[in-house]
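First up is the structure itself, then whatever we jot down about it.
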Amino acid sequence: MPASLTDVRAYYDKNTPLFLRFGSSPETQTIHRSLWPQGIHRLEDALAVSNNLILDEARTLGLSHPQIADLGCGVGATLFHVLAGLGAGRGVGVTLSAVQARLAESTRQSLSFSNAAFLQGDFQHVPLQGPFDLIYSIEAFIHAQAPAKYLSEVARLLKPKGRLILLDDFYLPTQSDYAQRWLKAYKDGWYVPNMQTVDEVRASALTVGLTLRETKLLTPSLRLRALPDLLAKFILWAGNKLPQDHPIVPSMLGSMALQQCLKAGWIEYRWLVFEKN
Ligand SMILES: C[S@@+](CC[C@H](N)C(=O)[O-])C[C@H]1O[C@@H](n2cnc3c(N)ncnc32)[C@H](O)[C@@H]1O
């Protein structure tokens, strides 16, 4: 069964403290992958690379007070980074997880960000009117049960010429049963209900007036730790025998499967920028 909204919410409500403690750094508080382009040597800097890519894109809008939305905002780390970097504008973060929305709000208060707000909600039915100049999602679109609904919400919320950035995993079609087994382990472990190809997203976005303007492959900037195949298969087999009552177990198996898929080229980690017509 593909992951439901309730599954994804429970996954983040239960795992967020662990993700922040073991998958992030106290400095960045992000819940996304580190990127290691040339010149990056510290984990803190590698976790901030995608935040800086979003900040650079926001700057290219050339607006004095951009309105920004982070759909799938985690605990707000990227939004704080972008608003601080711009020194102006307003931002709202939407997360499915009540735990994350509370943590983001508490950081907002302690850092005195009067120009940010956070709410718990589903980005396929966003409880906001907009309009926004920039909307982005880092490693969140992958959790959409209905990617087309996410895109139509973004189209509703963006101003004309406004931009959408997706930084996420995209599927590369393969017929191999072997690849399908690893892809399934990734989707089950990471609560991914409906992984799309870039072409599917591009076509679906066009129907709601969003045109793909830029795409960049970021897989080469990841530090992949794919295991020898036999060892990975054994860990997956053994892991599936463990009690699965806490979603950190499937999450760790999903991480391992993702590394195998990225290394084999069945999944790409990509940056996409769309513009509303
Ligand atoms: C891997 S985390 C990324 C968090 C954040 N973007 C970051 O980079 O730190 C995925 C995020 O997607 C959010 N998410 C997943 N499905 C969602 C939905 N239907 N509506 C809103 N947020 C969702 C989760 O709550 C979580 O915040």
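Specify the angular offset, from 0 to 90 degrees and rounded to the nearest 10, of the alpha carbon long axis of helix 43-60 from the longest principal axis of the alpha carbons in the chain.
40
Over all Cα pairs of segment 86-195, how is the pair count split among 10 Å bins, expressed in % and running from 0 up to the last occupied bin?
12, 37, 31, 15, 4, 0
Springs between alpha-carbon pairs under 10 angstrom, Gaussian network model over the chain: which of ALA148, ALA84, ALA185 fluctuates most?
ALA84
Could you work out [θ]222 nm for the chain from helices alone, using -39500 (n - 2.57) per DSSP H run of at least four and dividing by all its residues? Round to the nearest 500 deg cm²/dmol.
Values: 9 runs with 121 residues, N = 277.
Result for the chain: -14000 deg cm²/dmol, rounded to the nearest 500.
Enumerate the calculated ³J(HN,Hα) couplings along segment 265-277 in order (Karplus 6.51 cos²θ - 1.76 cosθ + 1.60, θ = phi - 60°), each rounded to whole Hz, writing x wherever the residue is Gly or Pro.
These are the phi-based 3J(HN,Hα) values: x, 8, 10, 10, 9, 10, 10, 10, 10, 10, 10, 7, 5 Hz.
Under a straight-distance cross-link criterion of Cα-Cα below 17 Å, which aspartates and glutamates are reachable from LYS276, leaving out those fewer than 8 residues away in the same chain?
Filter leaves GLU57, ASP70, ASP133, GLU153, GLU214.
Treating only the Cβ of Lys, Arg, Asp and Glu as charged (+1, +1, -1, -1), what charge dipole size does segment 1-154 show about its Cα centre? Round to the nearest 20 debye.
That gives a dipole near 220 debye.
Which percentage, to the nearest 5, of the DSSP beta bridges contained in the chain is antiparallel? Mind dumping the intermediate values first?
Numbers: 16 of 35 bridges.
Looking only at bridges with both residues in the chain, the antiparallel portion is about 45 percent.
On C-alpha positions alone, give me the angle between the axis of helix 147-157 and the longest principal axis of the chain, in degrees, nearest 10.
So the helix axis and the longest Cα principal axis differ by about 10 degrees.
Out of the trypsin sites (Lys or Arg not before Pro) in segment 187-235, which ones are loop residues according to DSSP with at most 15 other C-beta atoms within 10 Å? Walk me through the numbers before you get to the answer.
Values: sites: LYS187, ARG202, ARG213, LYS216, ARG223, ARG225, LYS233; in loops: ARG223, ARG225.
The qualifying sites are ARG223, ARG225.
Among the aspartates and glutamates, select those whose C-alpha is under 13 Å from the C-alpha of LYS184, and discard any that sit fewer than 8 residues away in the same chain.
Straight-line reach from LYS184, under 13 Å: no aspartates and glutamates qualify.
Mind checking the angle between helix 77-86 and the chain's longest principal axis? C-alpha axes, 0 to 90 degrees, to the nearest 10.
Here the helix axis deviates by roughly 30 degrees.
Treating only the Cα positions of the chain as identical point scatterers, give the base-10 log of I(q)/I(0) from the Debye formula at each q in 0.07, 0.08 Å⁻¹.
Summing over Cα pairs of the chain leads to -0.24, -0.31.
Computed FRET efficiency, Cβ-Cβ of ASP177 and TRP237, R0 22 Å: what is it to the nearest 0.05? Walk me through the numbers on the way to the answer.
Details: r = 16 Å, r/R0 = 0.75.
My answer for the efficiency is 0.85.
Quick check for me: using +1 on Lys/Arg Cβ and -1 on Asp/Glu Cβ, what's the dipole size of the chain about its Cα centre, in debye to the nearest 20? All intermediate terms of the calculation are to be shown ahead of the outcome.
Working: 27 positive and 24 negative charges, 11 e Å.
The dipole of the chain has a size of about 60 debye.
Return the Cα extents of segment 70-124 along principal axes one, two and three, sorted largest first, each rounded to a whole Å.
So the extents along the principal axes, rounded to whole Å, are 28, 22, 14.
Please work out the FRET efficiency for the pair GLN145 and GLN38, using the Cβ-Cβ distance as r and a Förster radius of 41 Å; give the result to the nearest 0.05.
That gives a FRET efficiency of 0.60.
Could you work out how far apart the two model spin labels at ALA88 and ARG223 are, taking each label as a point 7 Å from the Cα in the direction of the beta carbon, and quote it in nm?
Roughly 3.8 nm, to one decimal.
The numbers here are math on the coordinates, done by the rules we state, and not lab data. Note that the structure is a prediction, hence the values are computed from the model and not measured. Neighbour counts run over all protein chains shown; Cβ positions are idealised from the backbone, glycine included.
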